[in-house]
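Beneath this line is the structure, given in structure tokens, with notes to follow.
The values are calculated or read from the model by the stated rules, or taken from the named source; none is laboratory data. If you're wondering where the values come from, they're calculated on a predicted model, not measured in any experiment. Ideal geometry is used to build each Cβ from the backbone, glycine not excepted, and the neighbour counts take in all protein chains shown. The accessibility values were calculated without ligands, DNA or RNA, using every heavy atom of the protein model including side chains. Shrake-Rupley method; radii C 1.70, N 1.55, O 1.52, S 1.80 Å.
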Amino acid sequence: MSQVISSTHKTGLSFEVFPPKKEDEFENVFTLLRGFKELNPDFISCTYGAGGSRAGKTIEIASFIQKELQIDAIAHITCVGFRKEDLARNCAALKEAGVNHVLALRGDRPQSMTDEQFNSREFFYASDLVHYLKEHTDLQISGACYPEKHFESPSLEEDLQHLKEKVEAGVTSLVTQMFFDNTYFYRFLDKIRGMGIHVPVHAGIMPITTAKQLGTTVSLSGSSVPKKLADIIATYGEDKDDMRKAGIDYAVNQIRDLKEHGVDGIHIYSMNKLKTTTEICSQI
Ligand code: FAD
């Protein structure tokens, strides 16, 4: 029997934002965040540029969320390619900025990293970062997980074994990679609960509002695209407004089903789009 069904459970809501690259867009992010506050999220997380580029921007945004908006902020941090000194500096900056919760990630190997640098890195996996943070900071630590397995892992079972190690190292909640077929999520949840992983899991939902997104964000994520979503793109992909509406409907249906199953939380990959996120939230 599925272990995920519980109709009495209150499902949390959270958003992910990213630091815009251009300086003029960066200023707009604060207005955007004020708009997100109106939607009453439990937390807002802010991504970290690949390889740690623009780390200061992540901290600035997370600090605004925490201190100005008084919403729990989660700053993403990665460790691949970092030395312990770099991390110590980052952790000190987080503390100074009043941010006390991080999403501890390994990160993807930067293209500029040589094989020698990669093979002799100080932090091999996110769990190494979690151990470091537990030892040197009092930060609250969340971690990433992959309902369809991480793309490097030979099998879901092996990936989940490493996920268990990461949680045991000190992760207190998980945020999933985006998925478009809830059955993968329910299967994943059943498996991890069966393995004794009981921390809250926030289900990552990416609204697909343009056909282009499938070619970029989604293909990088390794998440599978069900026929129903592929058909939507084939039918509406050329029409901007219809595609947007169909993509929102798809995300709303996914979320409604997850809520009916009593999941811990819905984490919307907002892509910094307030209007789309607001429309979704008004329907769920
Ligand atoms: P890990 O947990 O270290 O896992 C990586 C791989 O190593 C997996 O295949 C795992 O099975 C394997 N593994 C773990 N431990 C061991 C071990 N002891 N022995 C052998 N294999 C092992 N990237 C960014 O650059 N910035 C971001 O802000 C960002 N935010 C993200 C948010 C979410 C919710 C998610 C799901 C991903 C995010 N990413 C981000 C992408 C992430 O950095 C990549 O997916 C990266 O490839 C893996 O990171 P991880 O923390 O999941 O790695």
Checking the stretch 144-198 for GluC sites (Glu not before Pro) in a loop per DSSP with at most 16 other beta-carbon atoms within 10 Å yields GLU152
Of SER127, SER14, ordered by accessible area with the largest first and a 1.4 Å probe, the sequence is SER127, SER14
Charge tally for neighbours of GLU25 with beta carbon under 15 Å away, counting Lys, Arg as +1 and Asp, Glu as -1, is +1
Computed on Cα atoms, the radius of gyration and Dmax of the chain in angstrom are 18.5, 53
Amide H contacts under 5 Å for PHE123, restricted to residues at least 5 apart in sequence or on another chain and with H modeled in the peptide plane, are GLY81, PHE82
Computed over all unlike Cα pairs, the Kirkwood hydrodynamic radius of the stretch 136-202 in Å stands at 12.2
If amide H atoms are modeled at 1.01 Å from N in the peptide plane, then the residues at a separation of 5 or more from SER45, or on another chain, having amide H under 5 Å from its own are PHE15, GLU16, VAL17, ILE74
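Work out the P(r) tail for the stretch 178-230: percent of alpha carbon pairs separated by more than 17 Å, whole number. Please list the in-between numbers first.
Numbers: 572 of 1378 pairs.
Summing the P(r) of the stretch 178-230 above 17 Å gives 42 percent of all pairs.
If r is the Cβ-Cβ distance from ASP86 to GLU25 and R0 is 30 Å, what FRET efficiency results, to the nearest 0.05?
Values: r = 27 Å, r/R0 = 0.89.
According to the calculation, E is roughly 0.65.
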Answer in debye to the nearest 20: the dipole magnitude of the chain about its Cα centre, from +1 Lys/Arg and -1 Asp/Glu charges placed on Cβ, is 240
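Taking K and R as +1 and D and E as -1, what net charge do the other residues with C-beta under 12 Å from the C-beta of GLY194 add up to?
Working: positive: LYS164, ARG187, LYS191, ARG193; negative: GLU157, ASP190.
Computed value for this residue: +2.
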With bins of 10 Å, the percent of all Cα-Cα pairs of the stretch 47-206 per bin from 0 is 10, 38, 36, 15, 0
Projected onto the charge dipole of the stretch 94-224 (unit charges on the beta-carbon of Lys, Arg, Asp and Glu, signs +1, +1, -1, -1), the Cα from SER120, THR217, VAL171 with the largest positive-side position is that of THR217
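Sorted by accessible area with a 1.4 angstrom probe, largest first, how do ASP42, ASP24, ASP159, ASP181 fall?
So the residues, ranked largest to smallest area, are ASP24, ASP42, ASP181, ASP159.
Go through THR276, THR172 and list them by solvent-accessible area, largest first, probe radius 1.4 Å. Don't jump to the answer; show the numbers that get you there.
Numbers: THR276 10, THR172 70 Å².
These residues rank, largest area first, as THR172, THR276.
At most 15 other Cβ atoms within 10 Å and a DSSP loop assignment: could you name the GluC sites (Glu not before Pro) in the stretch 37-107 that fit?
GLU38
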Once phi for every residue in the stretch 107-121 is put through the Karplus expression 6.51 cos²θ - 1.76 cosθ + 1.60 (θ = phi - 60°), the whole-Hz ³J(HN,Hα) values, with Gly and Pro written as x, are x, 8, 4, x, 4, 6, 7, 6, 4, 4, 5, 5, 6, 10, 5
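Go ahead and run the numbers for FRET between GLN70 and ALA50, Cβ-Cβ distance against an R0 of 41 Å, rounding to 0.05. Walk me through the numbers before you get to the answer.
Working: r = 30 Å, r/R0 = 0.73.
The computed FRET efficiency comes out at 0.85.
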Extend 7 Å from the Cα of THR235 along its Cα-to-C-beta direction; within the stretch 249-271, residues with backbone N under 17 Å of that point are 249-254
Long-range amide H partners of GLN177, meaning residues 5 or more apart or on another chain whose placed amide H is closer than 5 Å, are CYS145, TYR146
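Filter the DSSP H helices in the chain by two things, a Kyte-Doolittle mean of at least -0.5 and an axial alpha-carbon span of 20 angstrom or more, and list the hits by number.
Details: long enough: 23-37 (22 Å, -0.45); 156-170 (21 Å, -1.00); 240-260 (30 Å, -1.16).
Membrane-span-like by this rule: 23-37.
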Charge tally for neighbours of GLY265 with beta carbon under 15 Å away, counting Lys, Arg as +1 and Asp, Glu as -1, is -3
With all protein chains in place and a 1.4 Å probe, HIS101 shows an accessible area in Å² (nearest 10) of 20
One finds, for ARG193 and VAL225 with R0 = 35 angstrom and r their Cβ-Cβ distance, a FRET efficiency to the nearest 0.05 of 0.85
For the chain, the percent of accessible surface on carbon and sulfur atoms (probe 1.4 angstrom, ligands and nucleic acids excluded) is 51
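If each DSSP helix of 4+ residues adds -39,500 (n - 2.57) and the sum is divided by the residues in the chain, what number results at 222 nm, nearest 500 deg cm²/dmol?
Numbers: 10 runs with 122 residues, N = 284.
Mean residue ellipticity at 222 nm (helix-derived): -13500 deg cm²/dmol.
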Bounding extents of the stretch 148-245 in its principal axis frame from Cα atoms, largest first in Å, are 47, 25, 20
